[in-house]
Structures are given as structure tokens and as C-alpha cells.
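Scroll down for the structure; my scribbles are underneath it.
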Amino acid sequence: MDFTNTIIIMTSNLGSRQLMEAPDIKTGHEAVMEVIRGAFKPEFINRIDEIIIFNRLGKEQISAIVSLQLKKLAQRLANRNLTLKWDDSVVDMVSEAGFDPDYGARPIKRAIQTMVENPLAVDMLHGRFSDGDTILVSAPNGQLEISRQA
């Protein structure tokens with residue numbers, strides 16, 4: 001196999017805490033590189049062509065990721081002839097629960113599964129929704145509510 005033109009992308013949250021606590025970008029980048037040097041052998045680091053350090057995700061980006069993941073769930077339900085609708089309270093609740101500064105946006109998918117998909121699946125197994133139904137998900141007062149649109 002010829003791997004000459006192969007691009008490998010690896011993401012990590014190594015040094016995310018140091019980056020957040022740094023007084024400026026330059027100091028933050030230096031601190032991140034120290035963590036990387038401590039985590040990997042020089043032989044490995046030497047084989048990396050480029051290291052890109054991203055800024056921390058903000059509330060707006062986290063909310064957008066949650067919305068995208070909910071849209072994917074809605075597409076899966078559409079294949080079962082069900083429509084999923086949600087309001088901003090769900091996006092806010094999942095964003096809050098699914099974001100961890102140490103792990104970035106990775107836990108969001110798990111939070112959606114735990115907070116939305118699993119309760120929805122239980123409701124579906126109990127026959128609460130029928131073919132063609134529209135399912136409404138909201139979180140007034142921080143409590144998830146799943147209902148059928150009348």
C-alpha cells in the first residue's frame with residue numbers, strides 16, 4: 001500500500017485546560033505544546049506535519065452542534081414516518097449537560113442519547129406514538145417533556 005498522499009487527522013483535547021487558563025494566546029499555545037511533549041514521545045511528534053490549536057468552543061457553537069445532532073435524530077425518525085420538533089429549551093438543556101471544557105463537544109452526542117433518545121425510545125416501545133405523528137420535545141423548567149402534537 002502506498003500512503004504517500006495520505007492525510008490523517010487526529011483530534012485531542014490535550015492542553016485544553018492550560019489553553020483556557022492562559023493569560024494570552026501565545027502563552028496558551030506554549031502550554032499546550034508542553035502538554036503534548038509530555039504525552040507523546042519525540043519520535044511520534046516529529047512525524048506530525050502540523051499541529052493546529054483551536055480556540056475553545058463558545059455557547060453559540062455548542063448550541064449549533066446540539067441542533068445538528070437533533071436534526072440527525074429527526075432524520076432517523078423521519079425514516080419511521082415520525083416528525084420530531086424541539087424548542088430552544090431542549091438545545092439549551094443538552095448544551096449545558098453535554099459540554100465539558102476538558103472534552104469539548106464530544107459528550108454532546110451521549111447527552112442527546114441519554115436525555116432525548118432513550119426516553120423517546122421508551123415512549124415508542126410503549127406505543128405512545130403512531131405512524132405519521134409529530135413528536136414535540138421541550139424542556140420547560142429544565143425537565144424534558146415529550147408529547148404528541150395534537
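The values are calculated or read from the model by the stated rules, or taken from the named source; none is laboratory data. Computed from a prediction, not measured in an experiment: that's the story for all the values here. Virtual Cβ from ideal backbone geometry, glycine too; neighbours counted across all protein chains shown. In case anyone asks, the SASA skips ligands and DNA or RNA and just uses the protein heavy atoms, side chains included. Shrake-Rupley method; radii C 1.70, N 1.55, O 1.52, S 1.80 Å.
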Residue among 142, 114, 52 farthest towards the positive dipole end of the chain, charges placed on Cβ: 114
message: Once you order the gyration tensor axes a ≥ b ≥ c over the Cα atoms, which shape class does the stretch 1-111 get: rounded for a/c under 1.5, otherwise prolate or oblate by comparing a/b with b/c?
response: oblate
- line: Once both label points are put 7 Å beyond Cα along the C-beta direction, the residue 83-residue 106 separation in nm becomes 3.8
- prompt: Which whole-Hz ³J(HN,Hα) couplings does the stretch 137-144 yield from phi under the Karplus relation 6.51 cos²θ - 1.76 cosθ + 1.60, θ = phi - 60°, glycine and proline marked x?
  reply: 10, 9, 9, x, 6, x, 10, 5
message: Starting from the 7 Å offset along Cα-to-Cβ, what nm value, one decimal, do you get for the label separation of residue 6 and residue 74?
response: 3.9
Calculated [θ] (222 nm, deg cm²/dmol) that DSSP helices of n ≥ 4 give over the chain, each run adding -39,500 (n - 2.57): -14000 deg cm²/dmol
Percent carbon-and-sulfur accessible area, the chain, ignoring ligands, DNA and RNA, probe 1.4 Å: 52
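Over 21 Å between C-alpha atoms is what I'm after, so list which of 59/109; 26/109; 72/109 land there.
Flagged as over cut-off: 26/109.
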